[in-house]
Amino acid sequence: MTPAVRARTSGEARHEASASYPGAPRRAVVAENDNPCSGTPVTADGRSYCVHVDLLSFEDAAARCEREHGHLAFIETADENANLQRALGASPPSDRFWIGLTDREREGDFRWTNGAPITFSGFHMPEPNDDGGVEDCTEFYAADGRWNDIDCRLGRSSICEASPPA
Ligand code: MAN
Ligand code: CA
Ligand code: CA
């Protein structure tokens with residue numbers, strides 16, 4: 001068995017394996033990474049998510065999603081929101097999770113981290129309220145699937161979503 005094939009058993013090992021082959025084309029490494037999620041993989045209605053329970057700032061959580069070939073979750077419809085909430089299960093591993101929605105570029109203009117405007121709002125009434133003038137990131141409440149704007153520097157669990165294949 002080649003080292004590359006053996007490395008497929010764990011996400012961390014895959015990263016080590018790719019680091020030990022500096023000449024390997026990036027595309028080939030990604031193709032071997034059929035599941036680069038270092039958290040818990042969750043699928044909902046055909047979408048692949050990666051749930052992380054440890055607590056990171058929004059920025060650090062977003063950076064980890066990108067390292068694992070994804071982004072903080074984008075939720076475009078009420079169905080998608082409900083399916084994700086259901087997929088977290090009856091006993092969710094954490095109460096609140098970062099999703100990829102922020103108004104840090106322009107106050108009150110909530111956009112997904114790819115710059116797309118929202119097409120559906122899951123905000124809990126009367127959110128988003130920019131409490132204290134410091135709330136520019138969005139947390140997802142596992143209990144009911146509603147959203148709240150909150151300080152981006154706080155530690156939260158996070159939900160990554162796989163980027164579509166290039
Ligand atoms: C309350 C509400 C929210 C706010 C949090 C901050 O829950 O005011 O809008 O984001 O406090 O902890
Ligand atoms: Ca804000
Ligand atoms: Ca708020």
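Readers should treat all values here as calculations from the given coordinates under stated rules, not as data from a laboratory. Values in this document were obtained by computation on a predicted structure and should not be read as measured data. Positions of Cβ are generated from backbone atoms using ideal geometry, with glycine treated the same way; all protein chains shown enter the neighbour counts.
Points worth noting:
- Yes/no for Arg106 being basic (Lys, Arg), over 21 Å from Val42 (Cβ atoms) and either crowded, with 16+ Cβ neighbours inside 10 Å or more than 12 Å from ligand 2 (Cβ to nearest atom) (or both): no
- The residue that is surrounded by the fewest Cβ atoms within 10 Å (Cβ to Cβ), among those in the range 40-71 that are over 16 Å from Pro164 (Cα atoms) and among the polar types (S, T, N, Q), is Thr40.
- Any pair with Cβ under 9 angstrom, 6 or more apart, that starts in the range 119-140 at a residue that is without any contact (Cβ under 8 Å) to a residue 24 or more places away in the chain and ends at one that is more than 8 Å from ligand 1 (Cβ to nearest atom) and among the aromatic types (Phe, Trp, Tyr): Glu127/Trp147
- Which numbered condition Leu154 fails, given (1) touching a strand residue (DSSP E or B) at 6+ places or on another chain (Cβ under 9 Å); (2) under 14 Å from Leu72 (Cβ atoms); (3) touching a residue at least 40 places away in the same chain (Cβ under 8 Å): (2)
- The set of residues in the range 119-132 being surrounded by fewer than 18 Cβ atoms within 10 Å (Cβ to Cβ) and in a loop (DSSP other than H, G, I, E, B) consists of Thr119, Phe120, Ser121, His124, Met125, Pro126, Asn129, Asp130.
- Verdict on Arg104 being within 18 Å of the chain's Cα centre (by Cα), within 16 Å of ligand 1 (Cβ to nearest atom) and not aliphatic (A, V, I, L, M): yes
- Matching residues in the range 117-165 - criterion: being of a type in the set (Asp, Glu), within 25 Å of Asp54 (Cβ to Cβ) and near ligand 1 (Cβ under 10 Å from one of its atoms): Glu127, Asp131, Glu135, Glu139, Asp149, Asp151
- Checking every residue in the range 109-116 against the condition of being without any contact (Cβ under 8 Å) to a residue 40 or more places away in the chain, within 15 Å of Ala62 (Cα to Cα) and either within 12 Å of ligand 1 (Cβ to nearest atom) or part of a loop (DSSP other than H, G, I, E, B) (or both) gives at least one match.
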